[in-house]
Structures are given as structure tokens and as C-alpha cells.
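I have placed the structure first, in the form of C-alpha cells, so that the comments after it can refer back to it.
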Amino acid sequence: MPRILIIGGSFGGLGALKSIIKKAQNLTQQLDVTLVEPKLGILNILGIPKAVLDPEFAAESFVSFERANVYWDTIKLQEDMPFDTKKVLRSENGDKPHIGVAAEELKYNPNLKLHFVQGHVTELVNNIAKVKIGKLDKGRLPERYRPTKSAEEVDIPYDSVIIASGRTRNWPLDPLSSTVEELRKEMADSTAQIKNAKKTVIIGGGALGIELAGEIKHQFPEKEVVLVHPHATLPPEPLICDRFKQQVLEFLNNLGVEVLLNTRIKTEQADGVLVTTDGRVITSDLTFWCNYKKNNVDFLAKNYPNVFAPNGDILVTHQYEVKTDKGNVIGNVFAVGDLADLPLVKTAGWAYREGCQAGNNAVELVLNKDRGGYESVDKEYLEKGGMLLVVGMEQSICEDFLGQIFINDPEHLKMYEDYRLSSMFPTYGLTKEQ
Ligand SMILES: Cc1cc2nc3c(=O)[nH]c(=O)nc-3n(C[C@H](O)[C@H](O)[C@H](O)COP(=O)(O)OP(=O)(O)OC[C@H]3O[C@@H](n4cnc5c(N)ncnc54)[C@H](O)[C@@H]3O)c2cc1C
């Protein structure tokens, strides 16, 4: 039976899953699809600047696969997971249509076998994925969150694989939790740290650093917040215009965030004191290293070292097939979302769209062995901007694909009251109610 593997169950991976289920509704051949993801649900990572200081908001932002209305033929979990498999095991749910990840009813076809594995891929070798049934070890993770037990390992063979494993950031900006209860505790931990700190230093003025600085200052105006950024303007996104960047700086100033531009942190002392390259000494009760992000691609790099752009993104064709730096296409390996080297702003929307298209292409490949039905990246959006930032809940700026700027648009501010949870999750057939 042809087998497709999806690595990562966030925006890109769920887009791929959706398009495969949709395409498979009338399948006459059998198809086997496995999703590997360490979390037991999808977290609206857009809301992380608020989630790290509001555990209840964080909990709302996580939709467990238990209530996602996608039905699996098999489910493999880590030990002792509070997850009611009966709710989503096909054997317990008859021929119910899939609704989650689709926002429409997709009818059950017994020819499609769906498998969920709660783990992370550690290597791709000879069309086999090595998978650890355990949590990912993320950047700057406090010791108490490091796994203590060694994880079980399994092999998953595939004919085609879709890589949608995105990026890792430093704790707590990329939470480790697999379930809503774990997340509530993890975010209570970060909330306590923020509340206890009189002065917080945020390093890196990308979207995350800007929104986090805005959130902290908005929630706790009495606290000192310093944002350190190595360039003259922020965010560093090259496809965004100067006017957008000037406005963001003004928003931060309005909130009382101290912004230090054109400087970097040279050293971080044991007592938390930070020394910059231009000789400033900054005391800090709490430091967020928002400048760190790493593509989750180690599992690919082991055996495919030459498929990376200089910035670490995976080289892909416009049909999302991975290719080498010499241009050789690895036809059965697709990559989408944040880690794909495409000239698009990295957004959840693009990750989802790319995932849908790569899902289509993987099915065409394994069932029809034909690239004729492949879908391609939407070329008219390549090299275009498109970004929306909220700086402290009451200030927003958006640059659309046409380069038009919208400042404090009431619709945008409304949408970002919950960081798009209410508008985004219905795309996946999910609701925010627990
Ligand atoms: C603060 C912030 C604000 C943002 N605001 C917006 C916004 O307003 N609008 C917008 O559209 N976008 C926004 N984005 C960007 C958006 O969140 C990303 O573009 C999107 O999450 C990318 O989706 P993805 O599926 O490629 O990767 P990710 O969302 O990073 O998901 C990757 C998944 O893969 C899993 N994984 C990782 N490694 C492995 C492995 N080895 N094996 C198996 N699974 C693995 C992870 O657990 C994760 O679930 C924002 C991002 C941040 C950080």
C-alpha cells in the first residue's frame, strides 16, 4: 500500500492532512498516511506573546486532537498521556466523516488508513523515518523540562514524506507541552517569571520580540521593558516597507518600551547582566532571547546535507519538492511552511496553503506517479510583503500584498484580541471552546 508520512502537525502539516483526506474521499486504491507530531493538538502560536503571561489564554489557544473530529485507524502515544483515544479512533466512531482540519465534512473512505504517532522524527534514511516517541528538546530549555527517560524508537517507512516541522524558539516562546493541562502549567511558570521581574530585556526585534514587548508593557505598564535589536529598523523582514517599520518603532515608544537599535548583546553574565557590543551594561531580571530560531531539520540534515540554503531553510521547487544546491530534485520529499526556502513572508496562512498543495502533490506522486496534477506555489505572491503586527493590543499595523498600509484598523484590532484564534481555527473545523 502506498505510504505518505507527514512530519509536524501544525499549520503546514494539518494543511497537508486536510488535502490528502479530501483527495482520498473517492479513492479506489488503498493509501496509508501517518502524521508524526509531539503535541496532542494544535497551538495557536500566533498568540504566544500573550500566552506566556496568561495561562488561561494559553489553554484556550490549544485545541486537542481529541476534539478535532479527525478519525485515526491507529494512534500511538507517549506513556501516560491523558488522551481519550476512543473519541478519535476510527474503530470507535463508525463511518463518521472527518470535520477537523477541513471546516467541511470529508467523507470516510476505508481505503484511506490514517495513523497518528505522538513523537518526533530523528532521521530520514532510505525511505524510513526514525521516530522517537518523546518530546523535542528545545533551545535554552530550563533543566526541569528536559526529558528524564529515554524515549521508545520506532521506524516508519514511507513512499513520500512532507516535512512541515517548522521552527523552534527558546523556551517559553515555543512551549514544550503536549496537552492543554501541561500548557496551562508551563505558561503559569512563564507568567510567574514575568510578574516577578521588574525589568525584562527582550533580545531581537522580530515579530515575536516586538509583540512580546508590547504585551508585557500593555499588561504591566509599571514594568521596565528593554528591546535590543541589531539593526537600524525593525522588524528585520526584508519584504516589509520602511513606513511599516517606522510605525512599529513609534508604537513601542508610545508604550514606553526602551528600544536600543544597532547593538547586540556581547555577553550575558551569570547574574543576568548583559553587555552590548557598544559597551552598554544592562541589568536584567528576566531576558527573552527572541533572536533565536532554528529550523527543525536535524533529521533531514543527517542524510541530506546539501538541501539547505545558506540561511538554513530547505531548498524546494515551486511544487515543494526538496532539491539539492546543485538543483537535483528529490522527488518524494516535500517541504512546506516556515522551513521552506521560498520568497514569501513566513506566515501560518502560507504554511497551511503550501501544506494543502504539497499534500495534493504527494498523493499524485504515490498513486498516479505523475507530476501532471501537481499544484504550484502562487507565483503572484512571491517577493511580496504582507504582515500584521499588534503592539500592545491597542495598536496595529498591517501591510497587505499590494503594499497598502493600515494603521489601527478596528477589524484588525478586533481579530487580534485573541490573536486570530476565533477567525483562524474555523479554517481547521475547530472551535476554541474546551
Ligand atoms: C509571535 C508570532 C506571531 C505570529 N503572527 C502571525 C500572524 O499574525 N499571522 C500569520 O499568518 N502567521 C504568524 N506567525 C507565523 C506562524 O506562526 C508560522 O508561520 C507558522 O506557525 C508556520 O507553520 P509551520 O506548520 O510551518 O510550522 P510550525 O507552526 O512551527 O509547526 C511545526 C510543527 O512541527 C512539529 N515538529 C517539530 N519538529 C518535529 C519533528 N522532528 N518531528 C515531528 N514533528 C516535529 C512541532 O511540534 C510543530 O507542531 C507568527 C509567529 C510567531 C512566533
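The values are calculated or read from the model by the stated rules, or taken from the named source; none is laboratory data. Every value quoted in this text rests on a predicted model; they were computed, and no experiment measured them. For neighbour counting, all protein chains shown are included, and Cβ atoms are generated from backbone atoms with ideal geometry for every residue, glycine included. Accessible surface areas use protein heavy atoms only, side chains included; no ligands, DNA or RNA. Shrake-Rupley method; radii C 1.70, N 1.55, O 1.52, S 1.80 Å.
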(message) Can you pull out the GluC sites (Glu not before Pro) in region 50-101 whose DSSP state is coil and whose Cβ has at most 10 other Cβ atoms within 10 Å?
(response) GLU79
(message) From the helices alone, meaning DSSP H stretches of at least four residues, give me the mean residue ellipticity at 222 nm for the chain, per-run term -39500 (n - 2.57), in deg cm²/dmol to the nearest 500.
(response) -6500 deg cm²/dmol
(message) I need the calculated FRET efficiency for the pair ASP84 and GLU143, taking r as the beta carbon distance and R₀ as 25 Å, to the nearest 0.05.
(response) 0.20
(request) Within the set of other residues whose C-beta is less than 10 Å from the C-beta of ASN361, count the net charge using Lys and Arg as +1 and Asp and Glu as -1. (result) -2
(message) I'd like the distance separating the alpha-carbon centroids of region 299-322 and region 101-170, in whole Å.
(response) 18
(message) Give the separation of the Cα centroids, region 171-241 to region 10-80, in Å.
(response) 25
(request) Out of all DSSP beta bridges with both ends in the chain, state the antiparallel percent to the nearest 5. (result) 50
(request) Kindly list the residues of region 110-143 that lie in the label zone of GLU92, defined by a backbone N under 18 Å from the point 7 Å along the Cα-to-C-beta vector. (result) 114-118
(message) Place a point 7 Å from Cα of MET1 in the direction of its Cβ. Which residues in region 361-390 have their backbone N less than 19 Å from it?
(response) 362-369
(request) Kindly report the accessible area of the chain per residue (heavy atoms of protein chains, probe 1.4 Å, no ligands, DNA or RNA), in Å². (result) 42
(request) In nm, give the distance between the simple-model label positions of ALA309 and VAL125, each being 7 Å from the Cα along the Cα-to-Cβ direction. (result) 3.0
(request) Within region 114-223, report the trypsin sites (Lys or Arg not before Pro) that DSSP leaves as loop and that have at most 16 other Cβ atoms within 10 Å. (result) ARG140, LYS149, LYS198
(request) Express in whole angstrom the spacing between the alpha-carbon centres of region 330-357 and region 267-285. (result) 38
(request) Select from region 366-416 those GluC sites (Glu not before Pro) which occupy a DSSP coil region and have at most 11 other Cβ atoms within 10 Å, ordered by residue number. (result) GLU383
(message) Once neighbouring chains are kept in place and the probe is 1.4 Å, which whole percent of the accessible area of the chain is contributed by carbon and sulfur?
(response) 48
(request) Determine the relative contact order of the chain: mean sequence separation of Cα pairs under 8 Å and six or more apart, normalised by residue count, in whole percent. (result) 20
(message) Restricting to Cα pairs below 8 Å that are 6+ residues apart, what does the relative contact order work out to for region 1-59? Please round to a whole percent.
(response) 41
(message) With the crude spin-label approximation of a point 7 Å out along Cα→Cβ, what separation in nm comes out for GLU394 versus GLN25?
(response) 4.7
(request) Let me have the relative contact order for region 218-285, percent, based on Cα pairs under 8 Å that are six or more residues apart. (result) 30
(request) Determine the shape class of the chain: with a ≥ b ≥ c the square roots of the Cα gyration tensor eigenvalues, call it rounded for a/c under 1.5, and otherwise prolate if a/b is greater than b/c, oblate otherwise. (result) prolate
